[in-house]
Amino acid sequence: MNLHESGEMYLENIYVLSQQMSGVRSIDIVNHTGYSKPSISRAIGLLKDEGFILVDKKGYITLTETGAAKAKKIYQRHEMLTEFFVSIGVSEETASADACKIEHVISDETIEAIKRLKK
């Protein structure tokens, strides 16, 4: 399954929120991201259809095993890129914003090379 950047962003947000709270609902994603309710609803439907999340009768969202693995990979890329950018003198805020843009398009090869630099 291949997600577009926006789908990856939603997955990552669900992952981050699930680390901070016991149950994640669409409204939590709205509040966290500032995106509109219709945008979130559409994304949730697509992620559910693609097998990345489950939504129970009360509206609580859970990452599937596949969804959790994908979300964790995206989040780890974000963290690693942010850390790398800060280490070369970029401010934390800019580093995080840039990492958010890059994490979806950077190759595994480049990620591995950056990891090797950090050792």
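All of the numbers you see were taken from the coordinates with simple rules; none came from a lab. All values derive from a computational prediction rather than experimental measurement. Here the Cβ is made from the backbone with ideal geometry for all residues, glycine too, and neighbour counts use every protein chain on show.
Here the simple spin-label model places points 7 Å from the Cα toward Cβ, and for D49 and K118 these points are separated by 3.6 nm.
For the stretch 5-70, what relative contact order do you get, as a whole percent, if you take Cα pairs closer than 8 Å and at least 6 residues apart?
32 percent
Using only alpha carbon pairs under 8 Å that are at least six residues apart, calculate the relative contact order of the stretch 72-118 and give it in whole percent. Reported as a whole number, the value is 41 percent. A simple spin-label model places pseudo-atoms 7 Å from Cα toward Cβ; at D56 and S107 they are separated by 4.4 nm. Partner aspartates and glutamates whose Cα lies under 15 Å from the Cα of K37, excluding those fewer than 8 positions away in the same chain, are identified as D28. Here's the list of lysines a cross-link from K118 could span, going by alpha-carbon distance under 28 Å and ignoring same-chain residues fewer than 8 apart: K70, K72, K73, K101. Per q in 0.22, 0.23, 0.31 1/Å, what log10 I(q)/I(0) does a Debye calculation on the alpha-carbon atoms of the stretch 72-118 return? Values, matching the q order: -0.69, -0.75, -1.23. Overall dimensions of the stretch 5-70, expressed as equivalent-ellipsoid semi-axes from the Cα gyration tensor (√(5λ), whole Å, largest first), are 15, 13, 12. Over all directions, what mean area does the Cα convex hull of the stretch 24-119 project, stated in square nanometres? If I average the Cα hull's projected area over directions, I get 7.2 nm².
Please report the relative contact order for the chain, taking Cα pairs under 8 Å with a sequence separation of at least 6, and give it as a percent rounded to a whole number.
Relative contact order of the chain: 22 percent.
In the chain, the calculated helix contribution to ellipticity at 222 nm averages -22000 deg cm²/dmol per residue, counting -39,500 (n - 2.57) for every DSSP H run with n ≥ 4. On a 0 to 90° scale, report how tilted helix 108-118 is relative to the longest principal axis of the chain, with both axes built from alpha carbons and the result rounded to the nearest 10. The angle comes out near 50 degrees. Spacing of the modelled spin labels on S41 and S87, each 7 Å from Cα toward Cβ, amounts to 4.5 nm. The slack in the chain from A69 to H32, taken as 0.36 nm per residue of separation less the alpha-carbon distance, amounts to 11.2 nm.
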